[in-house]
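The values are calculated or read from the model by the stated rules, or taken from the named source; none is laboratory data. Just so it is clear, the model here is predicted, and its values are computed rather than measured. Counting neighbours? That spans all protein chains shown, and the Cβs are built from the backbone with ideal geometry, glycine included.
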Amino acid sequence: MAKGKLTIFLGAASGVGKTYAMLEAALGRLSEGIDVVVGLVETHGRGDTEGMLKGLTVIPWRSQDHRGKILREMDLDAVLTRSPQLVLIDELAHSNVEGSRHRKRYMDVKELLSAGINVYATLNIQDLETLNDIVTQITGVTVRETVPDQVLETASQIQLIDIPPEELIQRLKDGKVHVPDRETEGFKNFFRPGNINALRELALRYTAQRVDRQLESYRRVHGINGPWPTGEKILVCISASPFSAQVIRIAKRMTEKVQGELFAVHVETLRRFPGSEAEKDSMAKNLRLAEELGAEIIGMTGDSVAEAILETARKHNVSQIIIGKPEHTRFWEIINGSVVDKVIRQSQGISIHVIPGSQQETGPAQVQEVKNGEEAGTNTQRWASPKILPYLVSSLMVMVMTLFFSLVSPFLGLVNISLAYILPILISAARWGTLPAIATGLIGTIAFDLFFVPPIFKFTVADLRYLISFAIFMLVGFITGTLSDRLRKQVNYSRQRESSISALYSLSRDIAAVDNLDAVLDCIVSNISKTLEGQVMLLLPNEKAQLVLRKDSGLKSFLDNSELSVAAWVYERGQKAGIGTETFGTAKALYLPLSTEQGTQGVLGIYSNERKEHFDPERIRLLEAFTGLAAMAINRVKLAEQARESLSLVESERLRTALFNSISHDLRTPLASIIGAVTGLLEDRNVVYSPEVRKELLKTILHGAERMNRFISNLLDMARLESGMLRLNKEWCDLQDIIGVAINRLGDALTRRPLDIDIQEGLPLVQADGILIEQVLINLLDNALKYSEAASKIMIAIRQQGKQLEIVVANRGHSIPEADLSKVFDKFYRLSSPLQVSGTGLGLAICKGLIEAHGGEIWAENNKLGGVTITFTLPITDQFLGVVPEMNKGEQDGK
């Protein structure tokens, strides 16, 4: 399905006439015969706007309760069901009511476009995400509802609606423009001539840049030479700081100006991980903002932030790095080092842009977040407060050492005693970390000063040089404790990464070892639920393309009708939704599509009893890796099944063709001879046939019937072999008797040919199905007759070779090419021969299947007389080795 086209009516501010222009354009399309409906248009009681709506079909709004108030939203499902050619949607940056399918209205528009519906929408330039902080600086008002630049970039057409600032202000005074809180000071400051002109310039510049890009694209497509700007790659550094949002927007604007490629890097250091929930939320929002603005997200880990940033920049050939200037004190930077300074010093040709911090980012909503973060940090600190045991054990170690050294101090000296007090500091640092190590150093310093440094039992120090020892105690505790904490965090982080990689490897290994769909689904569910500690379920489409539950982790199911509708939406759109995302954010679980190049194979749902933050960006990326492997495994199994079905269809088609060819010749030929002979015997009553003629006609009938019987037997035998329904009825058989019966059944066909039968004396009995071995000999003799010259000799030989009997059937005729010797036992394979040979190509294939079912072997080879020799073997049971049939023994006695 082709995607719909988006047309945006862009204005500098509310009141410039965007909605009116959109309705006017829609009426023009309606007059052209286009099916136009109104999804949502805000009239705010304006008579001229309401008058234009009378000529259009309006989709009724959807009412939804929100905190005791009934709010109206666009009915997205009703529009999709109506499926018009064009739908009108006002206020693209609007945030939907909580509980709606999508968090923002522009997401509703994306779904309509994916369904092939064209959209007309209105937007103010102040609502553009990358211009948010600029608008705040110009007007002093922070716009809370924004739209990612990508929405405008993907629009098919942008129509700029512009009026002079004086006319806009007059419209505001006349009450023709609806603006909430119009009596507030913020409203008066916003709609000033200077602000309006600045917003107009932003709208004009953006539109001009878009036209310039279209012109350059046209030149590039048509090969027109011209001055092209050099494409650049820009790397923006982001963190959990709210200030990162401003840095991301600035980076996006710079990328637009140079028409470059934007990367966003976040470095997780081993020294410190985001601790509070507020930091995790802020980090997730910044990553989401960068992703919405079209940046490629890169996650890095390392001990040095600067080195990780520069490594990423060099790896991706980045020309410019944008980094925010942290608001740290100079003393903090001296102790911990400055990331900005390190990046600048080691940049080596990469341009560095340092963006100073701004307090304008901290609006009311962010103040509330900071407060919540402080509360979360307090609660975390209270619950994660260090245990008292490390401090007790450290104090006990110092006390024991003090008691011991007080007894032997005359023998050790103060220097050795001071060095010995470092030992409990190192133990505490290695075992419990920085704080216990510092506390141990402080306690050791006090004990050493009181009990060993003159004057004893006083905190005063006679020799000031001992202050150096005290400082060393504290530094040892701080340094070793910090290193120990860093190493512990590094180990924990490595374990987490190792666990994730191990889980992915385990899943890939398990699903590669099975080719059954149910077994693959079991592997996927068990591995993911074990790794992520949640309830997992897999939903796959049935024969009617409806999503149904195929596998779950065996716990209490969280799937109900509302959750199933979310999963169905994910399957249809191929996009993730549910908790932790901006689509169906109120759902209980997170749903991810199992997508491949062949389409969406199903949906993975995972439910966690933890909070929403459990599905942070890193966890979602791990889940996406799982779904990628799962999708490929499911697709592989389905493709294998389709391949087997295709092979079966090919074999069936070959069999059908062979049967038709055989019926047209091998059945009709003997049937025609039978009908002719019977007709001659029945119809001509006036002619009295002589006994010889009547006998010849009857032989013709018998020969034709036997030929048809052999043909039917071959078809039945092949069907039994193919279906696996062949059952051997083994008995003790004498091969000499079986050869005699086979020769008699072929009748006149063999009586006119010389036979050379060579049977070794004293052959033992074999345990076999006599009827099937007889059929093998008949097929081999019939094949020897067909591919040999008339009146040429047919040879049959039986001899014992160790623990098996070897039966040989040979003819004199045309040899088989060496490359085709191994193919003569394939189904439907027929040699090209100058002789007129009929048949289906099943006779030798049946022989091969029957002989192998008896545990023997069969092969073909060219003989010295120019013909072909076919040999097969049958095993001899140990207890019958050397046992001679009675008939042969009697014959030997007679001889």
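At-a-glance table
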read-out: Which listed residue, of Leu777, Leu716, is at negative phi and either modelled with pLDDT under 80 or not assigned by TED's automatic domain parsing to the domain that holds Leu850 (or both); value: Leu716
read-out: Selection from the stretch 47-81 of residues that are among the charged types (D, E, K, R), touching a Phe, Trp or Tyr at 6+ places or on another chain (Cβ under 8 Å), within 21 Å of Met107 (Cβ to Cβ) and not in a strand (DSSP E or B); value: Asp75
read-out: Output for the stretch 618-658, where each listed residue is among the hydroxyl-bearing types (Ser, Thr, Tyr) and at pLDDT below 75; value: Ser648, Ser652, Thr657
read-out: Members of the stretch 507-542 that are outside any helix (DSSP H, G or I) and modelled with pLDDT of 80 or more; value: Gln535, Val536, Met537, Leu538, Leu539, Leu540, Pro541, Asn542
read-out: Enumeration of residues in the stretch 27-38 that are within 41 Å of the chain's Cα centre (by Cα) and either within 14 Å of Lys54 (Cα to Cα) or in a helix (DSSP H, G or I) (or both); value: Val36, Val37, Val38
read-out: Odd one out for Trp569, checked against (1) in a helix (DSSP H, G or I); (2) over 26 Å from Glu291 (Cβ atoms); value: (2)
read-out: From Leu131, Leu112, residue being more than 28 Å from Ile34 (Cα to Cα) and surrounded by 22 or more Cβ atoms within 10 Å (Cβ to Cβ); value: Leu131
read-out: Residue selected from the stretch 864-887 under the condition of a type in the set (S, T, N, Q) and surrounded by fewer than 16 Cβ atoms within 10 Å (Cβ to Cβ), by the criterion modelled with the lowest pLDDT; value: Gln879
read-out: Near pairs, Cβ below 9 angstrom, 6+ apart or cross-chain, from the stretch 38-64 (in the same structural domain as Ala78 (by TED's automatic domain parsing)) to any residue that is in a helix (DSSP H, G or I) and among the aromatic types (Phe, Trp, Tyr); value: Arg46/Tyr20; Asp48/Tyr20; Thr49/Tyr20; Met52/Tyr20
read-out: Residue ID - nearest to Thr19 (Cα to Cα), chosen from residues in the stretch 65-97 that are in contact with a Ser or Thr (Cβ under 7 Å, 6 or more places away or on another chain) and of a type outside the set (A, V, I, L, M, F, W, C); value: Asp90
read-out: Number of positions in the stretch 750-783 that are assigned to a helix (DSSP H, G or I) and more than 58 Å from the chain's Cα centre (by Cα); value: 3
read-out: Selection count, the stretch 521-546, where residues are buried (at least 20 other Cβ atoms within 10 Å of the Cβ) and in contact with a helix residue (DSSP H, G or I) (Cβ under 6 Å, 6 or more places away or on another chain); value: 7
read-out: Residue satisfying condition, being acidic (Asp, Glu), modelled with pLDDT under 80 and buried (at least 18 other Cβ atoms within 10 Å of the Cβ), within set Glu261, Glu185, Glu232; value: Glu232
read-out: Residue among Gly39, Gly28 that alone is under 24 Å from Leu160 (Cβ atoms) and crowded, with 20+ Cβ neighbours inside 10 Å; value: Gly39
read-out: Given (1) loosely packed, with under 13 Cβ neighbours inside 10 Å; (2) in contact with a His (Cβ under 7 Å, 6 or more places away or on another chain), number of the condition Arg105 does not satisfy; value: (1)
read-out: Identity of the residue in the stretch 600-617, surrounded by fewer than 16 Cβ atoms within 10 Å (Cβ to Cβ), charged (D, E, K, R) and over 11 Å from Gly578 (Cβ atoms), that ends up modelled with the lowest pLDDT; value: Glu613
read-out: Flag for Ile248 being buried (at least 21 other Cβ atoms within 10 Å of the Cβ), touching a residue at least 24 places away in the same chain (Cβ under 8 Å), on the phi < 0 side of the Ramachandran plot and not in a helix (DSSP H, G or I); value: no
read-out: Number of the condition not met by Ile8 [criteria: (1) surrounded by 21 or more Cβ atoms within 10 Å (Cβ to Cβ); (2) of a type in the set (A, V, I, L, M, F, W, C); (3) part of a helix (DSSP H, G or I)]; value: (3)
